[in-house]
Amino acid sequence: MASLFKQQNATLCFLLSLCIVSQCLTKGANGFACNWGTRSTHPLTPEIVVRLMKDNGFNKVKLFEADPGALKALGKSGIQVMVGIPNDMLDSLASNVNAAIAWVTQNVSSYISKNGVDIRYVAVGNEAFLKTYNGRFVNATFPAIQNIQAALIKAGLGRQVKVTTPLNADVYQSESGLPSGGNFRPDIQDQMINIIKFLRQNGGPLTFNIYPFLSMDADPNFPKEFAFFDGSAPPVVDGSITYTNVFDANFDTLVSALDKNGFGSMPIIIGEVGWPTDGSANANTKNAQRFNQGLFDRIVKRQGTPKRSTAPDIYVFGLIDEDAKSIEPGPFERHWGVFSFDGSIKYPLNLGAGKSLVAAKGVKYLPKQWCVMSNQANPMDPSFADSISKACTYADCTSLSPGASCGNLDPKGNASYAFNMYYQTMDQRKDACNFNGLSAITTINPSPPQGSCKFEIMIDLGKHENKSTTSFAASMKGTCSMVMLLFSFMFAVLVASSA
């Protein structure tokens with residue numbers, strides 16, 4: 001009986017060790033994917049961002065350009081990378097294969113061989129067929145894809161790194177208004193077919209960006225509840241299929257377009273999907289939390305759509321807010337991050353398995369002081385409007401937009417917010433709080449006690465904790481090495497007990 005008990009204990013220890021080992025071997029195998037944009041006046045260090053991704057289970061990332069700092073930090077991190085090529089490079093890459101070869105050598109081959117970056121995809125262009133571009137990049141996109149593919153093959157990376165091109169959902173449409181009626185826009189039908197054929201021949205996926213927020217924000221008659229995964233809007237019935245949210249309906253419109261053109265099994269990646277937290281009435285933390293929680297739930301469950309039961313890889317947009325991003329699409333464009341500009345948590349999310357969001361570590365801030373409109377200043381001062389205009393020309397004032405988090409401030413509050421954003425953006429320089437005698441520095445937080453309007457303190461770019469991702473990866477490697485030793489010990493105990 002004692003021998004049997006000993007064997008059972010040893011077997012239990014063996015199984016426990018095996019489970020721990022499997023966690024080390026498979027860590028990140030079914031994690032999350034995100035977009036890492038770098039259009040910020042005060043960016044987090046790449047090492048902090050990589051650690052933020054690791055801490056929150058992101059094992060895939062899409063970069064919009066080959067940012068050297070980001071790529072170096074991603075080296076040996078265990079994170080798979082899709083590296084992007086901006087649209088303004090398409091013409092040169094399309095017209096000259098040597099330009100493509102040079103780009104691949106510098107931005108793919110080098111980082112793979114020298115830094116150990118796990119580059120899996122090159123994303124050629126970004127939404128190049130968008131209607132608002134008026135055909136600017138239509139003729140250059142396919143040749144650029146072909147030349148980048150040729151360059152990858154020349155570099156010996158044709159099997160390891162695949163080519164794709166992220167496209168907006170406006171490249172397909174449905175005359176019937178139902179997903180089953182999906183087809184590609186007539187003006188780009190030929191280009192789409194050529195690109196899809198080429199990608200399929202070379203093992204590359206299609207990448208599409210789907211934005212329920214934009215559908216709702218652009219159309220006052222859009223049924224709001226249909227934008228969310230848990231919505232209560234009347235369903236859309238399409239033959240035998242019932243759609244309860246716009247994401248499924250949109251994705252399956254694409255699937256129908258592919259089916260109609262003979263590409264029913266073409267792999268699809270969702271390159272961007274998310275919800276902003278500021279900049280318009282619909283962009284707020286409540287809606288963002290609701291949408292993204294539904295999105296993360298689907299990712300965890302590997303849930304597909306009615307026409308595609310296999311779940312696609314989904315790259316959440318975005319990881320962190322970008323205060324220097326173009327606001328041409330709208331003021332909300334700087335607020336897509338799941339995390340704020342400093343890596344702090346905007347709202348809680350359940351990531352599955354009892355895990356929730358973890359904030360960035362090692363972030364250092366400028367002193368706790370703000371630039372505000374002085375008590376003696378008068379909004380009727382002749383320089384009042386020009387001072388606000390100056391501040392908002394060089395700093396991010398999108399939170400003052402109608403319906404945004406600070407959109408209900410009075411004139412003095414508007415000025416204080418604008419002055420402070422300029423002051424923080426300029427690293428709290430002494431001369432940065434000088435608005436024609438209208439401003440003063442305070443150590444009392446001027447953020448309104450009610451609501452979500454927040455007067456920020458900016459990141460101190462000179463004081464970031466700067467531990468390398470390589471060290472972080474090495475520590476994880478060391479942890480798993482220790483577990484492997486434990487496994488070996490337990491296995492020895494099992495053998496000895498069984499003898």
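Among the residues that make up region 267-290, is at least one of them over 24 Å from S452 (Cβ atoms), touching a residue at least 40 places away in the same chain (Cβ under 8 Å) and in contact with a Gly (Cβ under 7 Å, 6 or more places away or on another chain)? So that I can check it myself, show each step before the final result.
Narrowing region 267-290 to residues over 24 Å from S452 (Cβ atoms): 267-272.
Filter once more, so that each one left must be touching a residue at least 40 places away in the same chain (Cβ under 8 Å): 267-272.
If we keep only those that are in contact with a Gly (Cβ under 7 Å, 6 or more places away or on another chain) too, we end up with none.
Within region 267-290, none of the residues are over 24 Å from S452 (Cβ atoms), touching a residue at least 40 places away in the same chain (Cβ under 8 Å) and in contact with a Gly (Cβ under 7 Å, 6 or more places away or on another chain).
Conditions tested, residue by residue: (1) among the small types (G, A, S); (2) over 18 Å from A324 (Cβ atoms); (3) open to solvent by less than 10 Å² (accessible area, probe 1.4 Å); (4) not in a loop (DSSP other than H, G, I, E, B).
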site	(1), (2), (3), (4)
M380	no, yes, no, no
A385	yes, yes, no, yes
A391	yes, no, yes, yes
D396	no, no, no, no
P402	no, yes, no, no
S405	yes, yes, no, no
K412	no, yes, no, yes
A418	yes, no, yes, yes
A432	yes, no, yes, yes
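May I ask you to list the residues in region 88-98 that are within 15 Å of G125 (Cα to Cα) and either open to solvent by 20 Å² or more (accessible area, probe 1.4 Å) or assigned to a strand (DSSP E or B) (or both)? Explain how you work it out, then say what you get.
Step one: list which residues in region 88-98 are within 15 Å of G125 (Cα to Cα), which gives 88-95.
Of everything in region 88-98, those that are within 15 Å of G125 (Cα to Cα) and either open to solvent by 20 Å² or more (accessible area, probe 1.4 Å) or assigned to a strand (DSSP E or B) (or both) turn out to be D88, M89, D91, S92, A94, S95.
Restricting the search to region 346-381, which residues are over 18 Å from F58 (Cβ atoms) and free of Cβ contacts under 8 Å to residues at least 12 places away in the same chain?
Q376, N378, M380
Given the options K60, K76, name the one that is among the charged types (D, E, K, R) and within 11 Å of the chain's Cα centre (by Cα).
Numbers: K76 fails: within 11 Å of the chain's Cα centre (by Cα).
Step by step, each of K60, K76 is checked, and only K60 is among the charged types (D, E, K, R) and within 11 Å of the chain's Cα centre (by Cα).
At least 2 residues that are farther than 26 Å from L130 by Cα and open to solvent by 60 Å² or more (accessible area, probe 1.4 Å) in each: list the helices (runs of 4 or more DSSP H) lying fully within region 196-311 that qualify.
On the way: elements: 212-218, 246-260, 285-301.
Counting at least 2 such residues, we get 285-301.
May I ask you to verify whether I101 is modelled with pLDDT of 95 or more, farther than 21 Å from D321 by Cβ and surrounded by 18 or more Cβ atoms within 10 Å (Cβ to Cβ)? Talk me through it step by step, then tell me what you get.
Values: modelled with pLDDT of 95 or more: yes; farther than 21 Å from D321 by Cβ: yes; surrounded by 18 or more Cβ atoms within 10 Å (Cβ to Cβ): yes.
Against the criterion (modelled with pLDDT of 95 or more, farther than 21 Å from D321 by Cβ and surrounded by 18 or more Cβ atoms within 10 Å (Cβ to Cβ)), I101 qualifies.
Which one is nearest to N147 (Cα to Cα), of the residues in region 43-87 that are touching a Ser or Thr at 6+ places or on another chain (Cβ under 7 Å) and part of a loop (DSSP other than H, G, I, E, B)?
D67
Would you be able to say whether some residue in region 362-376 is farther than 22 Å from L438 by Cα and of a type in the set (A, V, I, L, M, F, W, C)?
The initial filter retains those residues of region 362-376 that are farther than 22 Å from L438 by Cα, namely 362-366.
Still in the running and of a type in the set (A, V, I, L, M, F, W, C): 363, 366.
Yes, that holds for at least one residue.
Would you mention how many residues in region 326-363 are surrounded by fewer than 14 Cβ atoms within 10 Å (Cβ to Cβ) and either in a strand (DSSP E or B) or in contact with a strand residue (DSSP E or B) (Cβ under 8 Å, 6 or more places away or on another chain) (or both)?
4
Within region 364-377, which residues are in contact with an Asp or Glu (Cβ under 9 Å, 6 or more places away or on another chain) and assigned to a loop (DSSP other than H, G, I, E, B)?
Within region 364-377, K364, L366, P367 meet the criteria.
The values are calculated or read from the model by the stated rules, or taken from the named source; none is laboratory data. Note that the structure is predicted; figures quoted are calculated from it, not measured. Ideal geometry is used to build each Cβ from the backbone, glycine not excepted, and the neighbour counts take in all protein chains shown. In case anyone asks, the SASA skips ligands and DNA or RNA and just uses the protein heavy atoms, side chains included. Shrake-Rupley method; radii C 1.70, N 1.55, O 1.52, S 1.80 Å.
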